[in-house]
Amino acid sequence: MFNALVVNKDDEGKTQAAVSQIGLDDLPAGEVTVAVEYSTVNYKDGLCIGPGGGLVRNYPHVPGIDFAGTVETSEDSRYKAGDKVVLTGWRVGESHWGGYSQKARVNADWLVPLPSALSTKQAMAVGTAGFTAMLAVMALEDHGIKDGPVLVTGAAGGVGSVATAILAQLGHEVAAVTGRPETADYLTGLGATQIVAREELNETTKRPLEAESWGGCVDAVGGEMLARLLGQIKYGGSVAAVGLAGGAGLPATVIPFLLRGVNLLGIDSVMQPYESRLRAWERIAKDLPLEKLETMIQPAGLSDLPQLGRDILKGQVKGRVVVDVNA
Ligand code: NDP
């Protein structure tokens, strides 16, 4: 038997999450059984742990949309016992039991071998948020990052923190947008050269185009902020849209696309094919300074997760929560 955070639904439809003992026979079918070492807390995890149940279809459920650990048994020739692996996406933690467990069983296709430069703990300090940040940076590179600062919104959150550190390491100026002025030193430490107050971009304007200020953008916020910043991107520049922490609506005009050739690039980390995941993890190992990654980590154990799930939905988590499932 081993520990897992199990979410159940009672007769009145209310969900409750608690650390429980489960066995190997309880795990869903899959080709590879992994001794999980670390998982993380992402926005989606907050939804899956929370009272509404969010994205979960069947109960009982073990959330945790990502994990890193060591292969215990494998029916797939690509993996053998002792291999270090990392998993993000593929609806693990949503429709398939996830990483908030000392053991997980998954399809071999969903795993990636962990780059040798990263420990399982570092991999989860990156986690889904950091992996997505790398995908966003790669998408911007594919379309060409223009001169001038690259804007990162929701900068003190998970995606924003990792995007800031990677872009700075690659030699870009980074303008970090945050609603928490107290995180300015943290963001400067990650390499941000400019701190932009959230209110500056939340103020609505009737002007569809403003001064061309940013060479590109990684946007974790969406909503009105995304609509506003589209009109501030340099001619031919791109915005990698990652999240909707500030809302799912997009009250924008087509003018930035028509008159400035701005590209809006949608980033989805969930259904990334194997080759693309491998490429992104290799870039993370190469381009993310590990000493900066250390400053993002907030350690946690399985029993901390119900509270952390609530915190992340309120936008109150700084950097990356790394869950040691064996703590
Ligand atoms: P976090 O909660 O760690 O960070 C989000 C940040 O956004 C907050 O820290 C805060 O930053 C800012 N923020 C929160 N609420 C608001 C608001 N109302 N208005 C403006 N800014 C706000 O989440 P993650 O970084 O993990 O994820 C960010 C988004 O990306 C989420 O929507 C998530 O679902 C999505 N996502 C998408 C993925 C994909 O595959 N496309 C993968 C992973 C995440 P600050 O305090 O600095 O202002």
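Here are a few things to note about the model shown:
- Where VAL150 falls short, out of the listed (1) out of contact with any Gly (no Cβ under 6 Å at 6 or more places or on another chain); (2) more than 14 Å from the ligand (Cβ to nearest atom): (1)
- Output for the range 205-220, where each listed residue is within 16 Å of the ligand (Cβ to nearest atom) and more than 12 Å from VAL262 (Cα to Cα): VAL218, ASP219, ALA220
- Among residues that are modelled with pLDDT under 95, under 16 Å from the mean Cα position of the chain (by Cα) and of a type in the set (S, T, N, Q), GLN316 is included.
- Test result for VAL159, within 15 Å of the chain's Cα centre (by Cα), among the hydrophobic types (A, V, I, L, M, F, W, C) and within 14 Å of the ligand (Cβ to nearest atom): yes
- Those helices (runs of 4 or more DSSP H) of the range 221-327 in which 1 or more residues are open to solvent by 80 Å² or more (accessible area, probe 1.4 Å) and more than 13 Å from the ligand (Cβ to nearest atom) occupy 255-260, 274-287, 290-296, 305-313.
- Figure legend. Inter-residue proximity from the range 70-97: first residues within 19 Å of VAL6 (Cα to Cα), second residues assigned to a strand (DSSP E or B), beta-carbon distance below 7 Å, spacing 6+ or different chains. Indicated pairs: VAL92/VAL106; HIS96/VAL106; TRP97/HIS61; TRP97/ALA104.
- The selection criterion, being among the basic types (Lys, Arg) and at pLDDT 95 or above, does not hold for ARG310.
- For the range 60-99, the candidate set comprises residues that are within 16 Å of the ligand (Cβ to nearest atom) and of a type in the set (Ser, Thr, Tyr); within that set, the residue that is modelled with the lowest pLDDT is SER95.
- For the range 66-178, no strands (runs of 3 or more DSSP E) sit wholly inside it while including 1 or more residues that are closer than 22 Å to GLY247 by Cα, open to solvent by 30 Å² or more (accessible area, probe 1.4 Å) and not polar (S, T, N, Q).
- Summed over the range 68-103, residues that are over 21 Å from GLU275 (Cβ atoms) and of a type outside the set (Lys, Arg) total 17.
- If you filter the range 179-204 down to residues that are of a type in the set (S, T, N, Q) and within 12 Å of the ligand (Cβ to nearest atom), you find that the one that is surrounded by the fewest Cβ atoms within 10 Å (Cβ to Cβ) is ASN202.
- Any chance LEU114 is within 16 Å of the ligand (Cβ to nearest atom) and farther than 23 Å from LEU308 by Cβ: no
The values are calculated or read from the model by the stated rules, or taken from the named source; none is laboratory data. As the structure is a prediction and not an experimental result, all values here were calculated from the model. Please note: Cβ atoms are built from the backbone with ideal geometry, for glycine as well, and neighbour counts cover all protein chains shown. All accessible areas refer to the heavy atoms of the entire protein, side chains included, with ligands and DNA or RNA removed. Shrake-Rupley method; radii C 1.70, N 1.55, O 1.52, S 1.80 Å.
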